[in-house]
Amino acid sequence: MEALLVLIALVAIFGVAVYPAMRRRRLRQGGSPGLTQGPDPTAGYGFVPSEQLDVRLPGPDRELVEALEETQRTQDWQPVARLLAFTGDEYELRWQRVQSIAGAAAMELARSRAHGSAVEAPQEAVSFSKEQPAAQVRDARWLREWRAQQPRDHGGAQVYAQFLVFQALAESGSDSGSDAGSGSRQIILEEARKVAHDAAELAPADPTPHLTELVIARHLGYRAADFEALWATVRRLAPDHMGAHLAALPYWSSKGSGSDEQVDTFARTAAAQAPEGSLLPALPLFAIYDHLPDVNMVRSLYRSEEISKAIEAAEYAVDQVEDDHPVRPHVLHLLVWFLVRAERYGEAMEALAAVDGHVGAIPWVDEGDPAAAYTAYRALAVAGWEATGGAHAPH
């Protein structure tokens, strides 16, 4: 589930990967769900045209976009600092915003290094805006200044800890597993852990820095007992935090320190204990996605009892929370993917209507072009809907 943390981790926000996606999905159902040629078959349904899809976020967050655009334009940290201050104890939303702000800084620095200098002649801007006008390449100095000028600001500490995580994972990707790259990554991750602990001390009731440490734990290879102790802290502070569960899921995965059985047990237990009005019943669908085979030729897999129950639980969950729940779009995007593969086109159309316009989410960020992947599935949903008797788009 690593890609989700770039999601909620936002690899796709900036169009450049901070670290490798979990894996590329190549599952086929009677052919590749590639982009159709010619006129867009979904045009009459009121969907956003493919070229206008927003790959930065899983769903709308106008305040975040405006604050980041202002900070990146002026290199002044105060707009994003104010945003986090106003976010307060909305911890699901805070976690996503911390990752987005940290990701923006990480990509500024990455592009600055790619261009060789932050003070060269004008180049493509590193901007949170969808259009990136020509401007000097920035180097995220605003984040360093935020930390230096406001060392007691727990928001700045939270963002910087997550920024260091992105830096460590980018270091790992650039060095392709070399000893030097591995050593550098560990040093940065240990520094990120220290900053996360500092942030936790500054705001003891806020679970956000502990969620950052959940990611660090995965990459530093925490012992199960140490991870359980960390998870107990998270559960004490925010027992029903969907983002926290999604952050913990990779540790129990077979790609982490666990197994398919452990990740399924973790997800099912959380779903069973979920109170009313929680998104946690959707967690087993993410666990299933985590360990699906890279290649599968059995179309009936997606109609199996296990997957059908997980889909229905996820649909129940999104119906129980407010439409503006910060993690709801993540569940809807994954539902579109599973519903199309299960040939449940009517339900897929309902999910698309709720989430269309933003595509910065799993499963689309697991592909090289999130907008293209989403558009392909949207076209399949429309074609299946019409082929099975659904109303045609008006012409």
- Query: Which listed residue (170, 245, 288) has the Cα farthest towards the positive end of the charge dipole for segment 135-290, taking +1 on Lys and Arg C-beta and -1 on Asp and Glu C-beta about the Cα centre?
  - Reply: 170
- Task: Identify the trypsin sites (Lys or Arg not before Pro) of segment 217-258 meeting these criteria: DSSP loop state and at most 14 other C-beta atoms within 10 Å of the C-beta.
- Result: 223
- What is the calculated FRET efficiency for residue 369 to residue 186, with r their C-beta to C-beta distance and R₀ = 35 Å, to the nearest 0.05? 0.60
- Can you pull the Rg over Rh of segment 68-107, Cα-only, Kirkwood? 0.97
- Message: Heavy atoms of the protein only, probe of 1.4 Å, neighbouring chains included. What is the accessible area of residue 107 in Å², nearest 10?
- Response: 10 Å²
- Query: Taking +1 at the Cβ of each Lys and Arg and -1 at the Cβ of each Asp and Glu, which of 300, 335, 310 sits farthest along the dipole of segment 294-354 towards its positive end, judged by Cα position relative to the Cα centre?
  - Reply: 300
- For segment 308-395, which trypsin sites (Lys or Arg not before Pro) are both in a DSSP coil and crowded by at most 10 other Cβ atoms within 10 Å? none
- Message: Please list 3J(HN,Hα) in residue order for segment 331-344, calculated via the Karplus relation 6.51 cos²θ - 1.76 cosθ + 1.60 where θ = phi - 60°; whole Hz, with x for glycine and proline.
- Response: 5, 4, 4, 5, 4, 4, 4, 6, 5, 5, 5, 7, 6, 9
- With each pseudo-label sitting 7 Å past Cα toward Cβ, what's the residue 233-residue 197 distance in nm, one decimal? 0.9 nm
- Message: Check which residues have an amide H placed less than 5 Å from residue 54's amide H, if you skip close sequence neighbours.
- Response: 358, 359
- Quick one: accessible surface of residue 159, probe radius 1.4 Å, all protein chains present, in square angstrom to the nearest 10. 0 Å²
- Mean projected area in nm² (Cα convex hull; one quarter of hull surface) for segment 237-395: 10.3 nm²
- Task: Can you work out the PRE-style zone for residue 305? Point 7 Å along Cα to Cβ, and I want the residues of segment 271-287 with backbone N under 12 Å.
- Result: none
- Query: In Å, the Kirkwood hydrodynamic radius of segment 302-395 over pairs of distinct alpha carbons?
  - Reply: 13.6 Å
- Message: With the cut-off at 1.5 for a/c, could you classify segment 178-326 from its C-alpha gyration tensor as rounded, prolate or oblate?
- Response: oblate
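The values are calculated or read from the model by the stated rules, or taken from the named source; none is laboratory data. Please read these numbers as outputs of a predicted model, since none were measured by experiment. Here the Cβ is made from the backbone with ideal geometry for all residues, glycine too, and neighbour counts use every protein chain on show. Side chains are part of the model used for accessible areas, which takes the heavy atoms of the whole protein and leaves out ligands, DNA and RNA. Shrake-Rupley method; radii C 1.70, N 1.55, O 1.52, S 1.80 Å.
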